[in-house]
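Below is one structure, written out as structure tokens; the observations come after it.
Nothing in this text is a laboratory measurement; each read-out follows from the coordinates by a stated rule. On a predicted model such as this, the values are computed, not experimentally measured, just so you know. With ideal geometry, Cβ positions are generated from the backbone for all residues, glycine too; neighbour counts draw on all protein chains shown.
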Amino acid sequence: MITLQNPLDMHIHLREGEILKSVLAFSAKYFSACLAMPNLKIPLTDTNKVLNYKKEIQSLANSLNCDDFTPIMSMYINESLTKDELIKAKKAGIKILKLYPKGATTGSENGVEEILDQKTLEIFEIAENFDFILSIHGETNGFSLDREFEFGEIFKQIAINFPKLKIIMEHLSDRRSIDLLHKYNNLFATITLHHITMSLDDVLGKGLNPHHFCKPILKTPKDRNALLELALSGDEKVSFGSDSAPHLQSNKLKQNGAAGIFSAPILLPKLCEIFEKYNKLDNLQKFISDNAMKIYDLKNIPNKKITLIKETSRIQDSIKIDNDCIIPFLANEELSWKIKEN
Ligand SMILES: [Zn+2]
């Protein structure tokens, strides 16, 4: 048995409308807070849009009897973001800015074309002065397996030029990013469940598996192992961010399948299984909560304890939505840990 204090998921796609209704419970019941990503169909590029989305999540969480769940909000950076808007956001309690390079992933069409051009640098400067946290999907448009590595130079430039700005390297996938993370004091990272458990072979080694297709793409076993080791170590620069990203099965199976793995239903039990396997259960609390509390300076999060027990359960095969469904990560497989329901 293990009890986790205030589990946090610092990177999640909760979506909107029907999908939000179908997936929120997995997060709201078992996590204290989640950092909700702003790449909705209409991206959350200003304060009002972010606050409306927060209300939508909160009222739904309340209807699930999860009033102790805190959605942490982020705002989508685009080139037209002004200083006034940033100040308004800050006053409204929004402290995370999310940067998507244009075209890097789902919902990044409105992202930034040139990361280091004058306009974006001005936004970074304001972000630094007003204590925002800059969260970045760090990939270039280069060769798939090198996209994160190539983006390293941009991380480096931002880290050097804005030394007081906290920068989050989202969903690390490449072992070459780890050196960079440790080289600059103001770089931090999130790590997903899928990047520490799978490699590219799980996407295309035994026929194409669209449910394992995500961005950044899964990489080599060496990358997976290095990231697993980093997560298991409880390194204080690293927080857990599932990047759980539900897509309707119909969209997954289209010709240019949607990128994203829906891991929300299994996160805590699966993490227990992994940390136990490597004899590192003692470090799970840091990875799942303590590190993020410090990095994101989280306060006023209602106290929540989640207990897990060693008991086998089977992961559901799908979540129905109208005539469609969402397939969870590791659907139909067994888990050796289970959340103890109150
Ligand atoms: Zn994401």
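Observations on the model:
- Within the chain, percent of DSSP bridges classed antiparallel, to nearest 5: 30 percent
- A simple rule links phi to the HN-Hα coupling: the Karplus curve 6.51 cos²θ - 1.76 cosθ + 1.60 with θ = phi - 60°, which for segment 286-293 gives 5, 5, 8, 7, 4, 4, 5, 3 Hz, with x for Gly and Pro.
- Those trypsin sites (Lys or Arg not before Pro) in segment 186-268 that DSSP places in a loop and that have at most 12 other beta carbons within 10 Å: Lys206, Lys254
- Top of Phe213, Phe287, Phe262 by mean-square fluctuation, Gaussian network on the chain, Cα under 10 Å: Phe213
- The phi torsions of segment 2-19, fed into the Karplus equation with coefficients 6.51, -1.76 and 1.60 and a -60° offset, translate into couplings of 9, 10, 9, 9, 6, x, 10, 10, 8, 6, 9, 9, 8, 6, 9, x, 4, 5 Hz, rounded to whole numbers, with Gly and Pro shown as x.
- Taking 0.36 nm per residue of sequence separation and removing the Cα-Cα distance, the Asn323/Lys119 pair yields an extension gain of 69.0 nm.
- Within a Gaussian network of the chain (alpha carbon springs, distance under 10 Å), most fluctuating of Asp67, Asp179, Asp146: Asp179
- Partners for Lys29 among lysines (Cα-Cα distance below 21 Å; same-chain residues under 8 apart left out): Lys21, Lys54, Lys55, Lys270, Lys286, Lys299, Lys304, Lys305, Lys310, Lys320, Lys338, Lys340
- Derived scalar couplings ³J(HN,Hα) [segment 27-38; Karplus, 6.51 cos²θ - 1.76 cosθ + 1.60; whole Hz; x for Gly, Pro]: 8, 5, 6, 10, 10, 6, 8, 9, 8, 7, 6, x
- FRET E, pair Ile309, Glu153, Förster distance 56 Å, beta-carbon r, rounded to 0.05: 0.75
- Estimated [θ] at 222 nm from DSSP helical runs (n ≥ 4, -39500 (n - 2.57)) normalised by residues in the chain, nearest 500: -10000 deg cm²/dmol
- Residues with amide H under 5 Å from that of Leu35, placed H, sequence gap 5 or more: Asp9, Met10, His11, Ile12, Ile72
- Taking Gly234, Gly207, Gly152 in turn, the Gaussian network model of the chain (Cα-Cα springs below 10 Å) assigns the largest fluctuation to Gly207.
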